[in-house]
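Participant: Pasting a structure here, questions to come.
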Amino acid sequence: MSLCRHFGICGGCAFQDKDAASYLAAKRAEVTEAFARAGLSTEVAPVFAVPPMSRRRATFKALKT
């Protein structure tokens, strides 16, 4: 079952067949691993789902200590 209307056109995404919880966990892991590769150890808040066809925005905050 394809959830993305662009699936047939773009070739699909590696996360296409994941359930919602697995998808959000994988996206969080990507961010955590990117910080680790940069030598940063920080807590990453859980990812939350955004309803389809809505505006998606990322908010980043950092505190230098």
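The values are calculated or read from the model by the stated rules, or taken from the named source; none is laboratory data. It should be emphasised that the depicted structure is a prediction, and the values quoted were computed from it without experimental measurement. Note: ideal-geometry Cβ built from the backbone for every residue, glycine included; neighbour counts use all protein chains shown. Remember, those area values only see protein heavy atoms, side chains included, never the ligands or the DNA or RNA. Shrake-Rupley method; radii C 1.70, N 1.55, O 1.52, S 1.80 Å.
Participant: Here's a check for you: in the range 5-21, which residue that is open to solvent by less than 80 Å² (accessible area, probe 1.4 Å) and among the small types (Gly, Ala, Ser) is modelled with the highest pLDDT?
Facilitator: In this case the residue turns out to be Ala21.
Participant: Now a separate question. Quick check, is Thr42 surrounded by 10 or more Cβ atoms within 10 Å (Cβ to Cβ) and farther than 26 Å from His6 by Cβ? Spell out the reasoning first.
Facilitator: Values: surrounded by 10 or more Cβ atoms within 10 Å (Cβ to Cβ): yes; farther than 26 Å from His6 by Cβ: yes.
Spelling it out, Thr42 is indeed surrounded by 10 or more Cβ atoms within 10 Å (Cβ to Cβ) and farther than 26 Å from His6 by Cβ.
Participant: Hey, another quick one. Quick one: what pairs do we get from the range 1-29, first residue over 15 Å from Ala45 (Cα atoms) and part of a helix (DSSP H, G or I), second open to solvent by 80 Å² or more (accessible area, probe 1.4 Å) and modelled with pLDDT of 75 or more, C-beta under 8 Å, 6+ apart or different chains?
Facilitator: Taking only residues 6 or more apart or on different chains, not a single pair turns up.
Participant: Give the range 22-35 a look and list any residue that's open to solvent by 60 Å² or more (accessible area, probe 1.4 Å) and over 11 Å from the mean Cα position of the chain (by Cα), or say none.
Facilitator: Glu33, Phe35
Participant: Further, regarding this structure: Mind checking which residues of the range 52-65 are of a type outside the set (Phe, Trp, Tyr) and either open to solvent by 80 Å² or more (accessible area, probe 1.4 Å) or not in a loop (DSSP other than H, G, I, E, B) (or both)?
Facilitator: Of all residues in the range 52-65, those of a type outside the set (Phe, Trp, Tyr) come to 52-59, 61-65.
Those that are of a type outside the set (Phe, Trp, Tyr) and either open to solvent by 80 Å² or more (accessible area, probe 1.4 Å) or not in a loop (DSSP other than H, G, I, E, B) (or both): Pro52, Met53, Arg55, Arg56, Arg57, Thr59, Lys61, Ala62, Leu63, Lys64, Thr65.
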